[in-house]
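Some notes on the structure that comes next.
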Amino acid sequence: MHPLIARYLSPEAARETLEKEKNGEPLGPEERLFAQTATAHPDKRNELMGGKGKRHLSSDAEAAVVFLAAYAATRAIAEDPALQDATLKARESLKAEGATEDETDAFIAAILLEEAFGYEEEVEAFDSAFVQEALGEVPSLAALTREQVDALILGFEKGARDEAERDVRAHISRALVNIAWGEGPSPINPEHMEALYETEVADKPEAEMEARLRATVDFLQLLAKEGLVGTQRLSRLRAQIGDEEA
């Protein structure tokens with residue numbers, strides 16, 4: 001989890017920083033980024049500060065805390081020497097394909113939230129290498145067209161050994177694309193895999209389940225060869241669906 005997200009998931013810390021900024025007190029680097037984010041999103045700031053003094057946050061205030069923390073972290077990685085180049089390239093590629101500033105921020109914030117909360121294992125340290133790899137996937141994803149996706153699926157089907165495998169490959173690849181890229185290509189994440197498993201794999205006869213899982217892994221490997229899924233992401237997603245070779 002990025003340190004800035006970890007710090008500002010605490011509503012008390014978030015409100016304290018915004019009070020300091022309001023009072024004109026000097027802010028540290030993380031506080032400055034958080035305050036800038038809150039200024040850029042006054043609706044979220046109002047949600048957070050509106051519940052000040054209450055014992056429990058409203059659901060809107062909780063969502064505002066997460067939103068501001070993640071978006072502040074997107075500003076932080078743009079200044080991080082290890083991530084600034086990858087962040088810049090990701091932003092430029094999204095904007096080149098017509099994404100707005102808000103859409104670009106949301107895309108990158110989603111990567112940071114995935115790193116923080118997307119996997120079962122609890123890792124206190126920020127996995128900068130995973131985020132760098134995920135940012136490196138963005139240019140290929142941003143430039144991906146519907147025609148290219150269709151060609152990937154068709155090629156995947158043609159690589160089957162027989163008609164039965166071809167049918168399974170066609171079904172699984174289309175299902176994953178619809179789940180993960182229904183609103184446009186984005187990094188395939190654990191939520192996508194869980195949805196695919198629940199709708200297309202779970203409760204099937206054992207032989208059919210194995211065939212569908214094998215097709216899922218094969219399709220992920222194809223996407224990895226095309227630069228649409230990074231090495232670390234591939235390993236994590238395969239492990240999530242119980243692939244022993246991950």
message: I'd like the full set of residues that are free of Cβ contacts under 8 Å to residues at least 40 places away in the same chain and not hydroxyl-bearing (Ser, Thr, Tyr), limited to segment 68-78.
response: Ala78
- prompt: Somewhere in segment 138-159, is a residue of a type in the set (A, V, I, L, M) and within 12 Å of the chain's Cα centre (by Cα)?
  reply: yes
- prompt: With segment 1-79 as the region, which helices (runs of 4 or more DSSP H) entirely inside it contain at least 2 residues that are within 22 Å of the chain's Cα centre (by Cα)?
  reply: 3-8, 29-40, 59-77
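Residue-by-condition table, conditions (1) under 20 Å from Ser59 (Cα atoms); (2) surrounded by 18 or more Cβ atoms within 10 Å (Cβ to Cβ):
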residue: Ile5; (1), (2): yes, yes
residue: Ser10; (1), (2): yes, no
residue: Ala14; (1), (2): yes, yes
residue: Thr17; (1), (2): no, yes
residue: Gly24; (1), (2): no, no
residue: Glu31; (1), (2): no, yes
residue: Ala35; (1), (2): no, yes
residue: Pro42; (1), (2): yes, no
residue: Glu47; (1), (2): yes, yes
- request: Identify all residues within segment 192-204 that are surrounded by fewer than 18 Cβ atoms within 10 Å (Cβ to Cβ) and either of a type in the set (D, E, K, R) or outside the structural domain of His171 (by TED's automatic domain parsing) (or both); write none if there are none.
  value: Glu194, Glu198, Asp203, Lys204
- prompt: Which residues, counting only those in segment 116-131, are modelled with pLDDT of 95 or more and under 28 Å from Thr145 (Cβ atoms)?
  reply: Phe130, Val131
task: Output the residue which, of all residues in segment 205-246 that are hydrophobic (A, V, I, L, M, F, W, C) and part of a loop (DSSP other than H, G, I, E, B), is surrounded by the fewest Cβ atoms within 10 Å (Cβ to Cβ).
output: Ala246
query: Which members of segment 95-132 meet the condition of being surrounded by 16 or more Cβ atoms within 10 Å (Cβ to Cβ) and closer than 17 Å to Ala239 by Cβ?
result: Glu114, Glu115, Gly118, Tyr119, Asp127, Phe130
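The values are calculated or read from the model by the stated rules, or taken from the named source; none is laboratory data. Just so it is clear, the model here is predicted, and its values are computed rather than measured. Because the Cβ atoms are built from the backbone with ideal geometry, glycine has one as well, and the counts that use them run over all protein chains shown.
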